[in-house]
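K.L.:
Quick one: the structure is below, questions incoming.
The values are calculated or read from the model by the stated rules, or taken from the named source; none is laboratory data. From a predicted model like this one, the values you see are computed outputs, not experimental measurements. Cβ atoms come from the backbone with ideal geometry, glycine included; neighbour counts cover every protein chain shown. When the accessible area is computed, the model is the full protein with side chains, heavy atoms only, and any ligands, DNA or RNA have been set aside. Shrake-Rupley method; radii C 1.70, N 1.55, O 1.52, S 1.80 Å.
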Amino acid sequence: DNKGLVAALGDGLGGHKGGREAAEYTVRGLLCDYYATPDTWGVHRAIDKVVTALNRWLLSQSARDPELAGMATTLSAVVLRGRRYYTAHIGDSRIYLLRNGELQRLTSDHLWDHPELKNVLSRAVGLDAHLLLDYAEGELEEGDRFVLLSDGVWGVLPEATMAQLLLDQPEPQAAAAALTSLALAHGGQDNASAVVVELLKLPPASLRDSLLTPTSSATVL
């Protein structure tokens, strides 16, 4: 009731030995430590505090072990609490919302805008001591599907193809598996990860939800 449901995806930086460890540690740490934060903290404050601590740990590991130098990961997370959703994002994984048959992208990619730095992350967990995540929130509707994807999926499949696949697959787990399988079948060489979460029914309205100021449900930060 107080924390909601969390879905998260991390994609470790390719070419670094610690990439997988960074992604797994960050996602597991968020899912565990988020629920241990005080109930008086808002969703975004709780995520920020937890991920800031995880960022410090990754940096300390990089400094301690030369083989783990540069270990870092993207992080895209969605929290469903009450009748609202909250997103937190850093890196080039993406969060999409499928609503009423239309696929909307809720995040922007954190990549350097320079020809020689194409596809190089400008922000990630473990990349820099100054951590800056993008946050957004909005109202939920029954039937909403949140889709979290690594660049190994969205970088291969056109958004129209992903939208049609999601519409053709009524079961979330099957939809996630189909997205990754199709990306690999289309020649994808990168890690292909997908998480699909569907809201089957809205919970009853609460006083907390009614006091929250409505914001755009499709804001790209």
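K.L.:
Being open to solvent by less than 70 Å² (accessible area, probe 1.4 Å) and not aromatic (Phe, Trp, Tyr) narrows it down to one of Leu132, Leu140, so name that one. Talk me through it step by step, then tell me what you get.
P.N.:
Values: Leu132 fails: open to solvent by less than 70 Å² (accessible area, probe 1.4 Å).
The match here is Leu140.
Every residue, every condition in (1) open to solvent by less than 10 Å² (accessible area, probe 1.4 Å); (2) assigned to a helix (DSSP H, G or I); (3) acidic (Asp, Glu), yes or no:
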| site | (1), (2), (3) |
| --- | --- |
| Tyr25 | no, yes, no |
| Ala46 | yes, yes, no |
| Lys49 | no, yes, no |
| Arg56 | no, yes, no |
| Ser60 | no, yes, no |
| Ser76 | yes, no, no |
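K.L.:
Also: Counting just the residues of the stretch 62-74 that are out of contact with any helix residue (DSSP H, G or I) (no Cβ under 6 Å at 6 or more places or on another chain) and in a loop (DSSP other than H, G, I, E, B), which one comes out surrounded by the most Cβ atoms within 10 Å (Cβ to Cβ)?
P.N.:
Thr74
K.L.:
Right, here's the next one. Would you tally the residues in the stretch 95-112 being more than 19 Å from Leu200 (Cβ to Cβ) and either outside any strand (DSSP E or B) or free of Cβ contacts under 8 Å to residues at least 40 places away in the same chain (or both)?
P.N.:
Here the count works out to 7.
K.L.:
Further question: Is it true that Asp48 is within 16 Å of the chain's Cα centre (by Cα) and either closer than 20 Å to Tyr86 by Cα or among the basic types (Lys, Arg) (or both)?
P.N.:
Yes; evaluated as a whole, the condition is true for this residue.
K.L.:
Looking only at residues in the stretch 152-174 that are of a type in the set (A, V, I, L, M) and more than 15 Å from Ile95 (Cβ to Cβ), which one is surrounded by the fewest Cβ atoms within 10 Å (Cβ to Cβ)?
P.N.:
Step one: filter the stretch 152-174 for residues of a type in the set (A, V, I, L, M), giving 153, 156-157, 160, 162-163, 165-167, 174.
Narrowing the set further to residues that are more than 15 Å from Ile95 (Cβ to Cβ) leaves 156-157, 160, 165, 167, 174.
Values: Val156: 20, Leu157: 21, Ala160: 9, Leu165: 15, Leu167: 13, Ala174: 12.
Across the stretch 152-174, the extreme among qualifying residues is Ala160.
K.L.:
Within the stretch 93-107, identify whether any single residue is crowded, with 18+ Cβ neighbours inside 10 Å and either farther than 17 Å from Val197 by Cβ or at pLDDT below 95 (or both), and answer yes or no.
P.N.:
no
K.L.:
Consider the stretch 25-83. How many of its residues are out of contact with any strand residue (DSSP E or B) (no Cβ under 8 Å at 6 or more places or on another chain) and of a type in the set (Val, Ile, Thr)?
P.N.:
4
K.L.:
Counting just the residues of the stretch 1-23 that are open to solvent by 40 Å² or more (accessible area, probe 1.4 Å) and modelled with pLDDT under 95, which one comes out nearest to Glu67 (Cα to Cα)? Explain how you work it out, then say what you get.
P.N.:
Filtering the stretch 1-23 down to residues open to solvent by 40 Å² or more (accessible area, probe 1.4 Å) leaves 1-2, 5, 14-17, 20-21.
Subset that is modelled with pLDDT under 95: 1-2, 14-17, 20-21.
On the way: Asp1: 42, Asn2: 40, Gly14: 14, Gly15: 11, His16: 8, Lys17: 7, Arg20: 13, Glu21: 12 Å.
Selected residue: Lys17.
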